[in-house]
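The values are calculated or read from the model by the stated rules, or taken from the named source; none is laboratory data. Please read these numbers as outputs of a predicted model, since none were measured by experiment. With ideal geometry, Cβ positions are generated from the backbone for all residues, glycine too; neighbour counts draw on all protein chains shown. Heavy atoms of the whole protein, side chains included, go into the accessibility calculation; ligands, DNA and RNA do not. Shrake-Rupley method; radii C 1.70, N 1.55, O 1.52, S 1.80 Å.
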Amino acid sequence: MTPGDELLFLPLGGAGEIGMNVNLYGCRGKWIMVDLGMTFADPSLPGVELVLPDLAFIEERRRDLLGVVLTHGHEDHIGAVPYLAADLGVPLYATPFTAGLIRHKLDDEGLGADDIELNVVPLGGALQLGPFRLTYVALAHSIPEGNALVIDTPYGRLFHTGDWKLDDRPQIGVPSTAEELTALGDQGVLAMVCDSTNVFNPEASGSEQAVREGLDRVITGRRGRVLVTTFASNAARLQTLGQVAADTGRRIVIAGRSLERILRVAQAAGYLKDFPEILSFEAAARANPDQLLIVATGAQGEPRAALSRIAQGDHQLRLERGDLVVYSSKQIPGNELAIGRVQNALAARGIEIITDRQAHVHVSGHPGRPELEAMYGWIRPQIAVPVHGERRHMEAHARLARDCGVPHALVPVNGSILRLAPGPAAVAGHAPSGRLVVDGEVILPADSTTMNMRRKLASSGLLVVTLVFDRRERLVGDVAVLARGIPVEEDETDFLAECAEAAEGAARKVPLAERRRLEDEVKVAVRRVARQWTGKKPLCDVQILSV
Ligand SMILES: [Zn+2]
Ligand SMILES: [Zn+2]
């Protein structure tokens, strides 16, 4: 599949999911990649935290790949860079703050400039990659330097929004105005590839300025310590919290390494220059609690993050009865249980909790319907391609685009090859796509034998049967059985004895020469015992030793 005289769009991640964004554009034999993100594992991948996109399709064509262009610094857009970019062997392009975050990630993995070429593009800057001319267009988002890309090609102009919202009073950055976006639309846009995250939100996301006012209302006049937890990457929120500290006469304490890193990277890129001086933990312990504002990681219930440890009393910073914890963040679906555990630990200590359900202490970084409608009105594309959403978000987004007068809307899945031009936009084929997991320090397919086995082990447990045969192929000694993760508890000895008996009975029926059948019979026999005892069907391994 080499792009001919045509313009193709191919998502390898992020279509049908919120996370792991990887978008390819193809034209006249060449490809470019926009974003290279990762996502977090769900409980179907025991022992795994990070999930990466499978790039086999483009790795096989890496000679035709001209570069990876990153829109902004969120993990679902840059998180796979340290794992996968070196193998692609192509240059990366990012604006200064995003590049700073990437540089730190590469350093963590021991990757230097010799391994990966990282080019810093100034805000609003442009670059030419083969038939593609890309121009960064600033948009508001929940991290500094949220960018859309205008991609001019021989077949027309694309507007790839990246993640965005409208905010006429952002605390960081200068997003493009309605006039600037309208001017882009006036020049004619073939296709808009757009964020679907909040398509079900009937209201606009709201301004960061309103969060400052909401936090001021919650904290002003409050006695005792106040702790605010938020996403570390939300540097605009850090800016807001610096102002809230000043507004409410409190001093800032930072708890969490990722917050410290973001502050450093943001300040190096010229942001947060007026952030107040940070109090040390020792100074915080001596300070008047009424004058403290702790900013902590852990809003998603991450067990090792500062807030979880503070809630457990396992941190240098302490909270006491009557103190307040404010969740200036949303609950990411799937994290409710972990967040609930931390909130219960806080509640048990008599600490009050305020979330965005009780007060206006958070705004989203993604566009609600009024914002999407406004953007379609300004850009007026011929084709809408929803991405950055689950299927239900993307289908609803396609309907919204049609209602906004967009003539064509196409909903891709990961691997869909969409021909955007020439001729009517249509699905032109399908490329292999998939997921990889980072398991310890090994990267392997999410549907590999290892992960399938891991899942079965985690859910069903394991029985290991060892049979010993002598040189005349006679079963000798006792049959040994080991049980791991099978719910027999104090009855284990009796259970193992019955398993051994069943295994021995089965083994005596089949000659050793028919080894495969022997193993199968033994497995069936011990699994039957396990099912009778526990109702579970554990994995079973049969080991045959000769003496
Ligand atoms: Zn984002
Ligand atoms: Zn995103």
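A few points about this structure:
- Residues being closer than 19 Å to E492 by Cα, part of a helix (DSSP H, G or I) and not hydrophobic (A, V, I, L, M, F, W, C) - total across segment 452-481: 2
- Residue within segment 52-68 that is open to solvent by 10 Å² or more (accessible area, probe 1.4 Å), farther than 21 Å from A191 by Cβ and either within 16 Å of ligand 2 (Cβ to nearest atom) or of a type in the set (A, V, I, L, M) (or both) present: yes
- Against the conditions (1) among the small types (G, A, S); (2) in contact with a Gly (Cβ under 8 Å, 6 or more places away or on another chain); (3) over 15 Å from L324 (Cβ atoms), A296 satisfies every one except (3).
- When the helices (runs of 4 or more DSSP H) confined to segment 249-330 are screened for residues that are over 27 Å from the mean Cα position of the chain (by Cα) and over 20 Å from S233 (Cβ atoms), those reaching at least 1 such residues are found at 281-286.
- Checked against (1) more than 16 Å from ligand 1 (Cβ to nearest atom); (2) touching a residue at least 24 places away in the same chain (Cβ under 8 Å); (3) under 21 Å from Y25 (Cα atoms), P122 passes all but a single condition, namely (3).
- So L467, is it under 25 Å from V529 (Cβ atoms), surrounded by 15 or more Cβ atoms within 10 Å (Cβ to Cβ) and not β-branched (V, I, T): yes
- L272 being in contact with a helix residue (DSSP H, G or I) (Cβ under 7 Å, 6 or more places away or on another chain) and within 16 Å of L215 (Cβ to Cβ): no
- One residue from H77, H72 being within 16 Å of ligand 2 (Cβ to nearest atom), over 21 Å from P412 (Cα atoms) and assigned by TED's automatic domain parsing to the domain that holds P424: H72
- Here segment 71-103 is the region considered, the condition is being aromatic (F, W, Y) and open to solvent by 20 Å² or more (accessible area, probe 1.4 Å), and the residue that is nearest to ligand 1 (Cβ to nearest atom) is Y93.
- Filter pass, A283 being modelled with pLDDT of 95 or more and surrounded by 14 or more Cβ atoms within 10 Å (Cβ to Cβ): no
- Residues within segment 102-137 that are of a type in the set (K, R) and within 11 Å of G67 (Cβ to Cβ), tallied: 0
- Residues being within 24 Å of A41 (Cβ to Cβ), free of Cβ contacts under 8 Å to residues at least 24 places away in the same chain and either assigned by TED's automatic domain parsing to the domain that holds S44 or not acidic (D, E) (or both) are represented in segment 302-312 by at least one member.
- Any chance E208 is on the phi < 0 side of the Ramachandran plot and open to solvent by 50 Å² or more (accessible area, probe 1.4 Å): no
- The condition (being loosely packed, with under 14 Cβ neighbours inside 10 Å, in a helix (DSSP H, G or I) and not charged (D, E, K, R)) is satisfied by just one residue among Q532, Q543: Q532.
- Residues located in segment 331-353, provided they are assigned to a loop (DSSP other than H, G, I, E, B), more than 21 Å from S205 (Cβ to Cβ) and open to solvent by 60 Å² or more (accessible area, probe 1.4 Å): G334, R349
- Considering residues of segment 23-46 that are of a type in the set (S, T, Y) and touching a strand residue (DSSP E or B) at 6+ places or on another chain (Cβ under 8 Å) only, the residue most open to solvent (accessible area, probe 1.4 Å): T39
- Segment 219-241: number of residues that are surrounded by fewer than 21 Cβ atoms within 10 Å (Cβ to Cβ) and at negative phi: 3
- Qualifying residue in segment 5-13 (condition: over 30 Å from A458 (Cα atoms), surrounded by fewer than 19 Cβ atoms within 10 Å (Cβ to Cβ) and either over 14 Å from the mean Cα position of the chain (by Cα) or not charged (D, E, K, R) (or both)): yes
- Residue in segment 118-129 that is assigned to a loop (DSSP other than H, G, I, E, B), open to solvent by 10 Å² or more (accessible area, probe 1.4 Å), within 16 Å of ligand 2 (Cβ to nearest atom) and small (G, A, S) present: no
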